[in-house]
Amino acid sequence: MTKTTSMNPEARATKADFFPTKLPEKESRINDVGFRVILIPFCGIVIPLVTSLVPHHQFSLLQIKLSYLYTIGIAFIIWEGNRFLLFTLRSYFNWFNQPVKKILALLLVIPFFTIPATVLLLVGWYHLFLQGEINWNTIWNNSLIILISVIFIVHVYETVFLVKESESEMLRNATLERARAEAELQALKNQIDPHFMFNSLNTLSHLISSDPRKAQVFNDTLADVYRYILQNKSRDLVLLQEELDFMDNYIALLKIRFDDCILVNKNIPASSIDQFVLPPISLQILIENAIKHNEFSKSQPLLIKIQESGGELHITNEVREKKVRQSNGIGLNNLLERFRLITSRPVSIEKNNTHFSVRLPLLTLR
């Protein structure tokens, strides 16, 4: 029977992915200067032309120019007034949290500003250019077209805002996820020291009572091993060469206690050791896990094989499970979580009746 644990495939992460990033602020304004410079004069000229507001056959060229200048002014006032109201409403209502209230507010505010303001300004136009000869049908036609235009332009504004807010929200969520990953990774790193030291001190305690000479050698070697942990605790990735050197020191600690009961067989191409990187202290956790869960002796030593193939590090040990054992799985879970946070390439654990195997993805040095 085979048990496999895997994580999301086909992706890699680098150390830059875990640097803290300032959270983006939500967009509250858009750069619509060009939009307004073009469309305000356009609306101020086209709408009066469509409704025949300006009687060209009655007016002189100067009166026509002044009339369109006035209608452009109307377009400017209506546009800027609605723009001010739109931006003001944004501070009270949000499409994501209060969509119904936002729609009701827009439907209430925009017509109640646009229609009275348009009618008043058009009546003023009639008084200025036609001495009060008001054509109410033309005024209502203009007001209706202006209202429809305003609703369309408000829709454009809100669409742009909604797109910007969606992008900003996605960026904020991604940044928050990165910050969460950073905090989780740091917490996992902080678990390494007490976990390793707890097991090492237990070993040292055993040697002090059983073999003081070995205890002294173990203590000196432990200092070298722990120095590596301290130097690399803040790093997410280390060279495979560094990790293998650390593993050799760790194995030396094991041999002090277990003599030849533990055998480690390495098959790593020389071209790989400076080409790949991986999270620090990965191998030590797997070797420690194998020792913790299996029976071994001088007559039946525990064989652990480490080899690199296809950009993966394969760590395999024989299975001779201890009949009675207690384990909370901190070490192995710690390793899996760190790999999950640093790389999404597959990490697998396979176990059958004879062998326990772990495949760790190696990242290419950039």
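The values are calculated or read from the model by the stated rules, or taken from the named source; none is laboratory data. Note that the structure is predicted; figures quoted are calculated from it, not measured. Methodologically, a virtual Cβ is constructed for each residue, glycine included, from the backbone with ideal geometry; neighbour enumeration extends over all protein chains shown.
Here is a list of conditions, (1) part of a helix (DSSP H, G or I); (2) surrounded by 16 or more Cβ atoms within 10 Å (Cβ to Cβ); (3) without any contact (Cβ under 8 Å) to a residue 60 or more places away in the chain, and Phe296 meets all of them except one; can you say which number that is?
(1)
Tally the residues that are out of contact with any strand residue (DSSP E or B) (no Cβ under 7 Å at 6 or more places or on another chain) and either crowded, with 16+ Cβ neighbours inside 10 Å or on the phi > 0 side of the Ramachandran plot (or both), restricting the search to segment 256-272.
The qualifying residues number 4.
Got at least one residue in segment 73-82 being over 16 Å from Leu39 (Cβ atoms) and not small (Gly, Ala, Ser)?
No, every residue in segment 73-82 fails to be over 16 Å from Leu39 (Cβ atoms) and not small (Gly, Ala, Ser).
Given the condition part of a helix (DSSP H, G or I), under 26 Å from Leu204 (Cβ atoms) and within 31 Å of the chain's Cα centre (by Cα), answer yes or no: does some residue in segment 246-265 qualify?
No.
Please go through (1) surrounded by fewer than 17 Cβ atoms within 10 Å (Cβ to Cβ); (2) of a type in the set (Gly, Ala, Ser); (3) at pLDDT below 85 for Ala252 and return the number of the only condition it doesn't satisfy.
Checking Ala252 against (1) surrounded by fewer than 17 Cβ atoms within 10 Å (Cβ to Cβ); (2) of a type in the set (Gly, Ala, Ser); (3) at pLDDT below 85, the one that fails is (3).
Looking at (1) outside any strand (DSSP E or B); (2) in contact (Cβ under 8 Å) with a residue 40 or more places away in the chain; (3) under 35 Å from the mean Cα position of the chain (by Cα), which is the only condition Asn333 fails?
With (1) outside any strand (DSSP E or B); (2) in contact (Cβ under 8 Å) with a residue 40 or more places away in the chain; (3) under 35 Å from the mean Cα position of the chain (by Cα) applied to Asn333, the lone miss is (2).
Could you pull out the residue among Leu144, Leu185, Leu171, Leu201 that is modelled with pLDDT under 80, in a helix (DSSP H, G or I) and exposed (fewer than 15 other Cβ atoms within 10 Å of the Cβ)?
Step by step, each of Leu144, Leu185, Leu171, Leu201 is checked, and only Leu171 is modelled with pLDDT under 80, in a helix (DSSP H, G or I) and exposed (fewer than 15 other Cβ atoms within 10 Å of the Cβ).
Which residue pairs have Cβ atoms closer than 9 Å, lie 6 or more positions apart in sequence or on different chains, and pair a first residue in segment 150-165 that is in the same structural domain as Leu86 (by TED's automatic domain parsing) with a second residue that is surrounded by 12 or more Cβ atoms within 10 Å (Cβ to Cβ) and acidic (Asp, Glu)?
Tyr157/Asp32; Val160/Asp32; Phe161/Glu27; Lys164/Glu27; Glu165/Glu27
Determine whether segment 301-316 contains at least one residue that is closer than 17 Å to Glu350 by Cα, part of a loop (DSSP other than H, G, I, E, B) and assigned by TED's automatic domain parsing to the domain that holds Asn219.
No, segment 301-316 has no match at all.
Here are some conditions: (1) at pLDDT below 90; (2) in a helix (DSSP H, G or I). Asn31 meets all but one. Which one does it not meet?
Unmet for Asn31, out of (1) at pLDDT below 90; (2) in a helix (DSSP H, G or I): (2).
Could you please let me know if Gln241 is of a type in the set (S, T, N, Q) and free of Cβ contacts under 8 Å to residues at least 40 places away in the same chain?
Considered against the rule, which asks whether it is of a type in the set (S, T, N, Q) and free of Cβ contacts under 8 Å to residues at least 40 places away in the same chain, Gln241 comes out as yes.
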